[in-house]
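Quick note: the coordinates plus some simple rules give every number you see, no bench work behind them. Computed from a predicted model, the values in this text were never measured in an experiment. All Cβ positions, glycine included, derive from the backbone under ideal geometry; neighbour counts span all protein chains shown.
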Ligand code: FAD
């Protein structure tokens with residue numbers, strides 16, 4: 001094992017939206033940190049996932065000098081469309097609230113954040129590291145060890161703080177002692193076939209199709225690529241969905257009077273996601289702070305996960321900066337971190353559950369749930385209070401969480 005290097009104030013595990021944003025905030029404040037990422041740079045810059053970013057999150061990135069490309073290139077969305085019982089119902093949330101969503105594919109955001117962190121702000125980042133382990137996080141001198149991909153040797157980074165931003169399958173969460181944390185889980189018992197089609201969107205907005213065969217969704221990702229979702233049994237085999245069947249089900253579940261036909265194209269991603277959520281409380285143990293999917297997973301039902309990851313990262317980056325710069329409120333901000341994140345996390349989890357019934361209720365085969373789901377859907381178009389409440393949750397614009 002290589003002897004430990006000089007201590008670095010913060011080691012960040014994971015170069016996703018959360019980790020790279022924390023790194024950028026720290027580097028802007030002149031604080032040294034090292035990001036450890038188990039994949040290559042090329043891989044993380046191409047991994048397709050999210051696309052919908054809330055306005056407050058974009059403003060948060062912009063305030064930290066991280067949104068120039070996004071603001072120049074992202075589409076602004078002001079409406080979504082629900083399709084049920086063969087009809088289209090446009091929901092113009094922009095008109096109702098004066099607010100909008102940004103659509104900017106996650107790989108583009110990650111590319112921007114890596115470039116800014118490593119190439120502009122001079123942040124240290126090690127790609128393709130293996131077997132990352134966290135040590136002594138409940139002491140004043142934690143460390144993180146990993147295997148260097150070039151030499152095969154174990155390296156050790158001593159530090160003051162560890163930011164665990166390594167997503168749902170990372171190692172940081174496992175460093176929290178089971179007796180000190182509560183992990184709340186929810187399983188929807190539903191799968192989604194997540195698809196990316198090399199095709200322009202079939203409508204200028206997000207589409208939600210509520211159909212007795214199951215939910216279907218369309219999320220524009222740019223002029224040439226469109227994300228589609230099809231509800232399927234959890235654990236379903238993506239290979240049991242040949243492309244003819246995929247397009248047949250998309251046409252069927254998104255059909256509505258007066259709707260333009262879907263634009264078909266090659267499927268460049270096809271995988272099954274089992275819809276489940278978890279929340280780790282608290283998000284801190286000693287000098288380890290979790291952020292993003294490492295701390296809480298919210299199924300992509302409400303397109304909220306990356307937004308929550310950015311919210312955590314803003315709070316964590318700012319609190320670490322305050323503490324490491326000796327600000328009098330630095331310690332208090334670190335203490336308040338977990339609670340401040342979790343209020344928005346639980347709010348978004350609740351919305352995701354509510355939305356899940358809206359999306360999937362008509363496909364249960366249960367006439368009672370079908371009836372209540374259709375009532376819930378119609379209410380959005382008959383009650384301005386229900387519409388306003390939905391718009392606020394959909395956009396994440398509540399005054400307080
Ligand atoms: P990640 O993006 O998962 O980043 C974690 C990083 O850590 C990765 O680069 C990973 O390679 C690395 N890592 C993992 N383990 C280790 C290790 N042991 N050592 C070192 N590095 C490690 N959210 C939205 O807000 N809007 C959307 O529209 C949306 N759509 C989605 C669609 C799909 C199909 C999916 C799957 C997700 C979607 N999400 C959406 C959720 C969003 O993608 C995630 O919430 C977001 O990526 C979380 O960011 P993160 O930085 O916390 O984690």
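Binning every alpha carbon pair distance of the stretch 294-379 at 10 Å from zero, what are the percents per bin?
Each 10 Å bin holds this share of Cα pairs: 17, 32, 23, 15, 9, 4, 0.
Once the convex hull of the C-alpha atoms of the stretch 249-394 is built, how many Å³ does it hold per residue, rounded to a whole number?
Once divided by residue count, the hull of the stretch 249-394 is 180 Å³.
Please provide three numbers in whole Å: the alpha-carbon extents of the chain along the principal axes, with the largest listed first.
Cα spread of the chain along its principal axes, largest to smallest: 68, 44, 43 Å.
With both partners inside the chain, how many of the DSSP beta bridges are antiparallel, as a percent to the nearest 5?
Of all bridge pairs located within the chain, approximately 70 percent are antiparallel.
Using a Förster radius of 60 Å, what is the FRET efficiency between residue 263 and residue 135 based on their Cβ-Cβ separation? Nearest 0.05, please.
Given R0 = 60 Å and the Cβ-Cβ separation, E is 0.70.
Looking only at the stretch 10-43, which residues have a backbone nitrogen under 16 Å from a spot 7 Å from the Cα of residue 128 in the C-beta direction?
Flagged as within label range: 36-43.
Taking neighbour counts of Cβ atoms within 10 Å as a proxy for exposure, in what order, fewest first, do 372, 21, 226, 97 appear? If you can, show how the numbers build up before the last one.
Values: 372 14, 21 31, 226 23, 97 17.
Fewest-to-most ranking of 372, 21, 226, 97: 372, 97, 226, 21.
For each of 101, 186, count neighbouring Cβ atoms within 10 Å of the residue's Cβ, then give the residues from fewest to most.
186, 101
Relative to the longest principal axis of the chain, what angle (0 to 90°, nearest 10) does the C-alpha long axis of helix 305-324 take?
Result, in degrees: 20.
Fewest to most neighbouring Cβ within 10 Å: what's the order for 301, 12, 44?
Taking fewest neighbouring Cβ atoms as first place, the list is 44, 301, 12.
Just 70, 374, 176 to compare: in a GNM of the chain, with alpha carbon springs under 10 Å, which one fluctuates most?
Highest fluctuation among the options: 374.
How far apart, in nm, are the 7 Å Cα→Cβ label points at residue 47 and residue 327?
Result for the modelled spin labels: 3.0 nm.
Taking square-rooted eigenvalues a ≥ b ≥ c of the alpha carbon gyration tensor, is the stretch 15-57 rounded, prolate or oblate, where a/c under 1.5 means rounded and, failing that, a/b exceeding b/c means prolate?
oblate
Add -39500 (n - 2.57) for each DSSP H run of 4 or more in the chain, then divide by its residues: what number comes out at 222 nm, to the nearest 500 deg cm²/dmol?
Helix-only estimate at 222 nm: -10500 deg cm²/dmol.
Taking Cα pairs under 8 Å and at least six residues apart, what relative contact order does the chain come out at, in percent?
Details: 833 pairs, mean separation 78.5, N = 401.
Worked out over the chain, it gives 20 percent.
Compute the distance from the alpha-carbon center of the stretch 178-214 to that of the stretch 40-55, in whole Å.
17
Between residue 156 and residue 32, what is the spin-label point distance in nm, taking each point 7 Å from the Cα along the Cα→C-beta axis?
So the two model labels end up 1.7 nm from each other.
Rg/Rh for the stretch 74-215 to two decimals, with Rh computed the Kirkwood way over all alpha-carbon pairs.
That ratio is 1.09, to two decimals.
For residue 119 and residue 179, compute 0.36 nm times the residue count separating them, minus their Cα-Cα distance, and round to one decimal in nm.
Result: 17.5 nm gained on full extension.
So for the pair residue 383, residue 397, with labels modelled 7 Å out along Cα→Cβ, what separation do we get in nm?
The two pseudo-label positions are separated by 2.0 nm.
Pairing the Cα long axis of helix 243-253 with the longest principal axis of the chain, what angle in degrees results, from 0 to 90 and rounded to the nearest 10?
60
What angle do you read, to the nearest 10 degrees and between 0 and 90, between the alpha-carbon axis of helix 384-395 and the longest principal axis of the chain?
Around 40 degrees separate the two axes.
Under 13 Å from the 7 Å Cα→Cβ point of residue 73, by amide nitrogen: which residues of the stretch 112-133?
112-116
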